[in-house]
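Encoded as structure tokens, the structure appears first; notes follow it.
Each reported figure results from applying straightforward, stated rules to the coordinates on display, with no laboratory input. Predicted model, so just to flag it, every value in this text is computed and none were measured. Cβ: placed from backbone, ideal geometry, glycine included. Neighbour counts: every protein chain shown.
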């Protein structure tokens, strides 16, 4: 049933192939080991309760899966399930941020109206952005740019302005500078604005 | 902490920027729970020559608590 063998470090290794059959089982398992290469848990029962209770002033639960193929199937059928997606979670736990700016934009000149640098230790997720002409019906176009890396994140344009939500947020790392540039070609200077909204994680 | 430093180093909820024809930028920042927004004015904003012209001191209980973190 079991074997024990000497370990180079002086610790015994234990291998317990074990099969337990019973109408009712209570199994409490505490494992303290330097490494735990494999822990297979296969449960087949008409009723299963697997309680995972974590209590601590500071808890980190990291689930890392590395494999050529990984299938994580979660099927939940319940009258009430509380699982929060990123957007809802971020609304409660992240710092929401809205940055607005306006400037007098000369005709034909691409002009910056918003500048924001992501604070240290934070990641900015941009969910929407907008730009417009505050003075007249003349068309504008604009670009949302990561200036630090010289990467354009989005372009937009419209009769007097536009607002664009992103189906997936634009991610900008700490220390990177995000700007909105606006151009209008009315033939005269126009006050234009830009805005982006998102969260800091 | 001055508003300009807070803007660069800390998360805020709202930022308003007004880019003026003289090359300066008026910026106000606001965070949930603050009593008011705080302003600062910058010349050559976002460049190596950036120069702070006006800068409000942030006086908030929430801010003071964060200062010690």
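The relative contact order of chain A comes to 25 percent, based on Cα pairs under 8 Å that sit 6 or more residues apart.
Taking each residue as 0.36 nm, the span from residue A:188 to residue A:150 lengthens on full extension beyond its C-alpha to C-alpha distance by 10.8 nm. Relative contact order for segment A:102-193: 49 percent, from Cα pairs under 8 Å spaced at least 6 residues apart, divided by residue count.
Please average, across the residues of B:47-60, the number of beta carbons from any other chain that are within 10 Å of each residue's own beta carbon, and give a whole number. Display every interim value, and only then the final one.
Working: counts 0, 0, 0, 0, 0, 0, 0, 0, 0, 0, 0, 0, 0, 0.
Taking all residues of B:47-60 together, the mean is 0.
In deg cm²/dmol, rounded to 500, what helix-only [θ] at 222 nm does chain A give when every DSSP H run of at least 4 residues adds -39500 (n - 2.57) and the total is split over its residues? Please list the in-between numbers first.
Working: 1 runs with 8 residues, N = 201.
The helix-only estimate for chain A comes to -1000 deg cm²/dmol at 222 nm.
When you count the other C-beta atoms within 10 angstrom of each residue and take the mean per peptide, A:161-174, A:128-141 line up highest first as A:128-141, A:161-174.
Annotation: peptides A:115-121, A:17-23, ranked by per-residue average of other Cβ atoms within 10 Å with the highest first, follow the order A:115-121, A:17-23. Roughly speaking, what is the centre-to-centre gap between segment A:148-186 and segment A:61-136 when only Cα atoms are used, to the nearest Å? Here the two parts' Cα centres lie 13 Å apart.
Using only atoms on other chains, find how many Cβ atoms lie within 10 Å of each Cβ of peptide A:102-114 and report the average. Display every interim value, and only then the final one.
Working: counts 5, 6, 4, 1, 1, 0, 0, 0, 0, 1, 5, 3, 4.
Going residue by residue through A:102-114 and averaging, the value is 2.
A protection proxy built from the mean count of other Cβ atoms within 10 Å ranks the segments A:148-156, A:104-112, most packed first, as A:104-112, A:148-156.
Per-residue shielding of A:116-122, expressed as the average number of other chain Cβ atoms within 10 Å of the residue Cβ, stands at 4. Put in line by how crowded their Cβ is, counting other Cβ atoms within 10 Å and starting with the fewest, B:4, A:80 read A:80, B:4.
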